[in-house]
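Only one structure is covered here, and it is reproduced in the block below.
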Amino acid sequence: MLNAGRLRITFFGAFAVTLLVQFYTAFNHQLFGDEAFYWLEGQHLDWSYAELPGWTQWLAALTDWLLPRTPGFLRLPSLLAAISLPVLAMAMARTLQANQIQVYTTGLLTLSLPMLTLTHTLALPDVWLVFFGMLSVWQLLLAVHRNGQRHYLMLGLLLALGINVHVRFWLLVMIAGLATLWLYRHQRDVVMSLLSKTLPVMLLGFVPVLMFNLKHQFPLFMFQFQDRHPWQFQPDHGWFFLSEALVATPVVFALCTIVVLRHFNAVNPAIKLVVQLAVWHWLFYALVGFYSDNLRFSLHWTLFSYVLLLIIAGSHYRVNWLLKAAIVSGVLCAWIMPLAILNWTREHQNNRPFQDEFTANIRGWETLADKTGQLIRKWQPDQLVADHFMTLSTLRYHSTAAVHWTVLPHPLNRKHGREVQLKLMGYSADNDTHTKSLVVIEHSALTTSQQIPFYQDACLQLGGLKWVDSLNIDNGLKTYHFFTNQTTGCDLPTISYVDMEDGLLSGWAVIDKDQVPQIALVSNGQVWQADSTVGPLGSNAIFSALSNETHQLLRFSFSSADAIAHPGQLRFTYTDRITYGSTLYPP
């Protein structure tokens, strides 16, 4: 039978291992693309920013000023906030009158969300949404329970800070405010204190956001409420419900479901408030997701709901087999997941497609920075031109080169709402055909239909593109091409497309008229040569901007059915260079 002493030892042991896992992964991951951009924004301090309020960027600037410039130290504030979450959950359990066993059970349950452990190892807004959300709910419970005026003021301050983390915190404030005013509508002193003390202090949090947006014609509102969402029905969001059960782990999800069924209309108003806040918050993402967040990883935005429900489970249930199963399975997954993903980021892994897709934005940046540094020393450019915001910000983070930094117009800049902010920070590349430039383009970040127009637009903007080198990262996970603009021509790297039919690979490549490369598939140390024929470009709209006088179409196929038994990539061998295509995966 469990007693408080044994459970306390279990909690602190699990807590210590979780901290070791989080710190180890945080200090061993390369920068995530978004982390690097928040750091770059922090180098240009402002009241707010075009795609997010300023909390994450301000912390990045403070950390960069106080501590050595390494990804681990950049993530230190997020790690410290993550450390506090189990402690906050236990404090909330005590406020809900839990005994010692229930308090430590609550702490263990807070450690049983793998996605929570994972996301809080990065310098992203995610941890602060949960951190300020939990603190705010705790202060609200204290204010209602004790009728302490200072708690209402503290609640307003916490909400004001949270408002500067992310627009999604505004949603939380709206749901919590409506739920609280409704549930406590018969307690006039609670309602009046919220309106007279909490609300005015909270509204101060919008001041920095409004100061920035009034000056720049409301770019944050345009992106968050219009541009980033399709606002049309997308049935694929139906996977959300199954995915949520996997993200939370099935046992933890089942436990949270039971909490909702038992306590949604609880007699205790505090418990009822916490459960209903969690439910309405979760349902908002479940329902609105059918019209928003198209093609975005958004499963982690519901973590706050699970934390609240687990606090109720820990503080009001006996330690039965379901709680034990939730804790054991959840905590083990919370340890395994970050370490597994760290392992996926190691070079030369035979990963599956979803593993590479999940980790692409946290891989290869240091290799790219080293290669770019070598080319800067070789070509001595006055300006470095990056293709999109992640390339620019990670190179800026790792480089000390005395060059002017700019970025090209790119689909990723628009998709992630970074185009306006890049312009405000002075990084948008103007039509400059005279400045000696080194151009870095991630070929693999462009779709086949985007590649030709992107290179042609870049050539026109910079006055020419001369290919000087390529970089192949992790067997084609990322492919980069480097150019200078010291030419009047427009070099076009190999544009290729591959398809598989009946187990055989075939495809085409756009090549220069005067060069015909040898094509091979390189997979798991083996090489298969392709059969190929050369012909005119044809009528495909992708080639409409090209001329048969300068380019031709190389069709190829592989006769061996074993050619793609492992992840591999196409290799194009020219007389003066070798380039590679993107990663190909077995069917």
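The values are calculated or read from the model by the stated rules, or taken from the named source; none is laboratory data. This is a predicted model, so every value here is computed, not measured. Note that we place each Cβ from the backbone using ideal geometry, even for glycine, and neighbour counts take in every protein chain shown. These accessible areas exclude ligands, DNA and RNA; they are computed on the full protein's heavy atoms, side chains included. Shrake-Rupley method; radii C 1.70, N 1.55, O 1.52, S 1.80 Å.
Residues of the range 507-521 that are crowded, with 17+ Cβ neighbours inside 10 Å and out of contact with any Leu (no Cβ under 7 Å at 6 or more places or on another chain): G507, P517, A520.
Scan the range 515-532 residue by residue and report those that are under 34 Å from the mean Cα position of the chain (by Cα) and either part of a strand (DSSP E or B) or closer than 15 Å to S557 by Cβ (or both).
Just the residues of the range 515-532 that are under 34 Å from the mean Cα position of the chain (by Cα), to begin with: 521-525.
Selection gives L521, V522, S523.
Take the residues in the range 279-292 that are assigned to a helix (DSSP H, G or I) and out of contact with any helix residue (DSSP H, G or I) (no Cβ under 8 Å at 6 or more places or on another chain), then tell me which one is nearest to G314 (Cα to Cα). This residue is L283. Take the residues in the range 210-235 that are in contact (Cβ under 8 Å) with a residue 24 or more places away in the chain and of a type in the set (A, V, I, L, M); name whichever of them is surrounded by the fewest Cβ atoms within 10 Å (Cβ to Cβ). Filtering first and then ranking leaves M211.
Within the range 269-278, is there a residue that is open to solvent by 40 Å² or more (accessible area, probe 1.4 Å) and out of contact with any helix residue (DSSP H, G or I) (no Cβ under 8 Å at 6 or more places or on another chain)? No. From the list W39, W47, pick out the single residue that is of a type outside the set (V, I, T) and in a helix (DSSP H, G or I). Exactly one of W39, W47 is of a type outside the set (V, I, T) and in a helix (DSSP H, G or I), namely W39.
Exactly one residue out of L124, L153 is of a type outside the set (V, I, T), assigned to a helix (DSSP H, G or I) and open to solvent by 10 Å² or more (accessible area, probe 1.4 Å), and it is L153. Answer yes if at least one residue in the range 236-259 is open to solvent by 30 Å² or more (accessible area, probe 1.4 Å) and outside any helix (DSSP H, G or I), and no otherwise. Scanning the range 236-259, I find no residue that is open to solvent by 30 Å² or more (accessible area, probe 1.4 Å) and outside any helix (DSSP H, G or I), so the answer is no. Residues considered: V534, V522, V527. Of these, the only one that is at pLDDT 85 or above and either farther than 30 Å from T435 by Cα or out of contact with any strand residue (DSSP E or B) (no Cβ under 9 Å at 6 or more places or on another chain) (or both) is V534.
What do you reckon, is V407 crowded, with 22+ Cβ neighbours inside 10 Å and in contact with an Asp or Glu (Cβ under 8 Å, 6 or more places away or on another chain)?
It is true that V407 is crowded, with 22+ Cβ neighbours inside 10 Å and in contact with an Asp or Glu (Cβ under 8 Å, 6 or more places away or on another chain).
All of A98, A91 fail the test of being modelled with pLDDT of 90 or more, of a type in the set (G, A, S) and either open to solvent by 10 Å² or more (accessible area, probe 1.4 Å) or in contact with a Ser or Thr (Cβ under 8 Å, 6 or more places away or on another chain) (or both), apart from A91. Considering only residues in the range 230-279 that are β-branched (V, I, T) and under 16 Å from M115 (Cα atoms), the one that is modelled with the lowest pLDDT turns out to be V247. On inspection, L20 fails the criterion of being assigned to a helix (DSSP H, G or I), in contact (Cβ under 8 Å) with a residue 60 or more places away in the chain and either under 22 Å from V165 (Cβ atoms) or open to solvent by 10 Å² or more (accessible area, probe 1.4 Å) (or both). Could you check, for the range 48-62, whether at least one of its residues is polar (S, T, N, Q) and either in contact (Cβ under 8 Å) with a residue 60 or more places away in the chain or touching a strand residue (DSSP E or B) at 6+ places or on another chain (Cβ under 8 Å) (or both)? Yes, the range 48-62 contains at least one residue that is polar (S, T, N, Q) and either in contact (Cβ under 8 Å) with a residue 60 or more places away in the chain or touching a strand residue (DSSP E or B) at 6+ places or on another chain (Cβ under 8 Å) (or both).
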